[in-house]
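**Q** Provided herewith is a single structure, encoded as structure tokens, for subsequent inquiry.
The values are calculated or read from the model by the stated rules, or taken from the named source; none is laboratory data. What you see is a predicted model; the values in this text were computed from it and never measured. Note: ideal-geometry Cβ built from the backbone for every residue, glycine included; neighbour counts use all protein chains shown. For accessibility, only protein heavy atoms count, side chains too; no ligands or nucleic acids. Shrake-Rupley method; radii C 1.70, N 1.55, O 1.52, S 1.80 Å.
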Amino acid sequence: MTKSLSAQQQMPTRGRPRDNTRDEAIHRATLDLLGELGYSALSIGAVARRAGVSKATIYRRWSGKAEVVGSALQARTTVEQPPAADSLRDSLLVTLKWLAQDLVAAGGSVIASVLIGMREDPELASQVRRILRRDESDMITRVFGAARDREPLVPDAERLFLEIAPAVVTHRTLIANLPCDAAFLEHVVDDILIPLLVANPRR
């Protein structure tokens, strides 16, 4: 019995380990095609051909198109979020700068395709909202993590920030096609966010 167990333990595990290079190729192909074709025209077959893999390889990893797109969006290379700064104002500035850079890196055509796709496919909408909740949580931690001990924030400061800041930066970057330069970010922080978020802002 002991010999049998020992021999069994020494046997190699069946199957091959997952090839991360294939995952990367599939993610890259998915985002490229999403920007080129849009979500409706995107197919698992097209992704497989662009990535140089079989459709079976994709279906072994994900259940369908929405999951592939969600995985690609979550795994894509992004601009690394900055650490929290020493003051609320500085934390807001560096976070908004990061958000603008991340939107540019994602690409307007990809973002537009995702937004349209979310209206067509509830599963994709669920995938994207999960990623957004993760990113929003990260932003809240960086902006407000230490600020509550230093600033008299209004009770709903986090909600106000999430409702306003991303919308302003997204409009400026993707719709108006204007840069979020230092002057613009300082305007947003000093003239909009600080007066809204701080109970008694200093003037």
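**Q** Restricting attention to helices (runs of 4 or more DSSP H) lying wholly within the range 108-203, give those where 2 or more residues are within 20 Å of Gly35 (Cα to Cα) and open to solvent by less than 50 Å² (accessible area, probe 1.4 Å). It would help to see each step written out before you state the result.
**A** Numbers: elements: 108-120, 122-144, 157-170, 182-187, 194-197.
Where helices (runs of 4 or more DSSP H) fall fully within the range 108-203 and carry at least 2 residues being within 20 Å of Gly35 (Cα to Cα) and open to solvent by less than 50 Å² (accessible area, probe 1.4 Å), they are 108-120, 122-144.
**Q** Any idea how many residues of the range 54-68 are polar (S, T, N, Q) and in contact with an Asp or Glu (Cβ under 6 Å, 6 or more places away or on another chain)?
**A** Initial filter on the range 54-68 (polar (S, T, N, Q)): 54, 57, 63.
With the extra rule that they be in contact with an Asp or Glu (Cβ under 6 Å, 6 or more places away or on another chain), the set shrinks to none.
The qualifying residues number 0.
**Q** Now, a different point. Does Ala51 fit the bill of being at pLDDT below 90 and either over 22 Å from Ile116 (Cβ atoms) or among the hydroxyl-bearing types (Ser, Thr, Tyr) (or both)? Spell out how you get there, then give the answer.
**A** Numbers: at pLDDT below 90: no; either over 22 Å from Ile116 (Cβ atoms) or among the hydroxyl-bearing types (Ser, Thr, Tyr) (or both): yes.
For Ala51, the condition - at pLDDT below 90 and either over 22 Å from Ile116 (Cβ atoms) or among the hydroxyl-bearing types (Ser, Thr, Tyr) (or both) - is not met.
**Q** Between a first residue in the range 164-184 that is at pLDDT 90 or above and a second residue that is open to solvent by 50 Å² or more (accessible area, probe 1.4 Å) and in a loop (DSSP other than H, G, I, E, B), which pairs have beta carbons less than 9 Å apart while being 6 or more apart in sequence or on different chains?
**A** If the second residue must be open to solvent by 50 Å² or more (accessible area, probe 1.4 Å) and in a loop (DSSP other than H, G, I, E, B), the pairs left are Arg172/Leu178; Arg172/Pro179; Thr173/Pro179; Phe184/Leu178.
**Q** Hey, can you tell me all the residues within the range 32-41 that are in a helix (DSSP H, G or I) and surrounded by fewer than 21 Cβ atoms within 10 Å (Cβ to Cβ)? Spell out how you get there, then give the answer.
**A** Quick first cut of the range 32-41, residues in a helix (DSSP H, G or I) only: 32-37.
Asp32, Gly35, Glu36, Leu37, listed by residue number.
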